[in-house]
């Protein structure tokens, strides 16, 4: 069996993305887009995705380890299943052949790179479903400088809270260790709530929740958000100058306002 999805399968799975890729085939959305994504709101991203027919990309109601911090990065996906002895034996044997070390949850962390977000389908398990504690979270921070989305629990919260460069969205806290689960695969399609998440999706975590942006739409999401912010700045400036009324600005702009805006944009450089 393949613990990690092969390159050819990853490329086919994400074939709408035409940009740079990691050696394993996972989409590598440019660092510039990842950085600019940090200013995008959930609602701005959602509106672009909905326009393209992606209606089920948002998951809410999380416990957030560092509220107020924004989580952005490229998804590395993993799925855990309830323990079944015969399957667990196969996975363990394959992991040994691959030279993997430690628990199966640590195998996922070993694949992470800077700018990644680990996204784990832990089928909502919190008790005996703590995918990371403070040790694995320290490694998560060192590798990604971003964080994780875990549809399950975490432990050692007092230690995790001290990791200021790592934001984790999870379903709850529990003192128990991970137990009776088996790794089904890394960089495979997974489910988080009602969302299908693919490897390479851009993860955007805000106080509202987490939205998973297909990589081929990431640039459009960023540019749309930037246009919204610029228009908002222009509109408020013109209102402060009493050049237009609120009724003129708070709707689709007439041609003369749009022309004024385009000129203002040029003046801003």
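Quick notes on this one:
- Of 172, 159, all but one fail to be assigned by TED's automatic domain parsing to the domain that holds residue 58, within 17 Å of residue 131 (Cα to Cα) and surrounded by fewer than 15 Cβ atoms within 10 Å (Cβ to Cβ); the exception is 159.
- Test for residue 2: is it loosely packed, with under 13 Cβ neighbours inside 10 Å, touching a strand residue (DSSP E or B) at 6+ places or on another chain (Cβ under 9 Å) and closer than 30 Å to residue 100 by Cβ: yes
- Any hit, the range 242-254, residues being free of Cβ contacts under 8 Å to residues at least 40 places away in the same chain, surrounded by 12 or more Cβ atoms within 10 Å (Cβ to Cβ), within 26 Å of the chain's Cα centre (by Cα) and more than 23 Å from residue 151 (Cα to Cα): no
- The set of residues in the range 101-138 being surrounded by fewer than 20 Cβ atoms within 10 Å (Cβ to Cβ) and touching a residue at least 60 places away in the same chain (Cβ under 8 Å) consists of 103, 107, 111, 113, 115.
One line per residue, one yes/no per condition, for (1) surrounded by fewer than 23 Cβ atoms within 10 Å (Cβ to Cβ); (2) farther than 25 Å from residue 261 by Cβ; (3) in contact with a strand residue (DSSP E or B) (Cβ under 7 Å, 6 or more places away or on another chain); (4) in contact (Cβ under 8 Å) with a residue 24 or more places away in the chain:
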site	(1), (2), (3), (4)
177	yes, yes, yes, yes
193	yes, yes, yes, yes
206	yes, yes, no, yes
216	yes, yes, no, yes
232	yes, no, no, no
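- Filter pass, residue 200 being buried (at least 24 other Cβ atoms within 10 Å of the Cβ), in a loop (DSSP other than H, G, I, E, B) and assigned by TED's automatic domain parsing to the domain that holds residue 129: yes
- Within the range 203-226, the residues that satisfy the criterion of being in a strand (DSSP E or B) and on the phi < 0 side of the Ramachandran plot are 203, 204, 205, 206, 210, 211, 212, 213.
- Of the residues screened, residue 262 is not one that is surrounded by 12 or more Cβ atoms within 10 Å (Cβ to Cβ) and outside any loop (DSSP other than H, G, I, E, B).
- In the range 130-144, the residues that are within 11 Å of residue 113 (Cα to Cα) and within 17 Å of the chain's Cα centre (by Cα): 140, 141, 143, 144
The values are calculated or read from the model by the stated rules, or taken from the named source; none is laboratory data. Computed from a predicted structure; not experimentally measured. Heads up, the Cβs are rebuilt from the backbone with ideal geometry, glycines too, and the neighbour counts pull from every protein chain shown.
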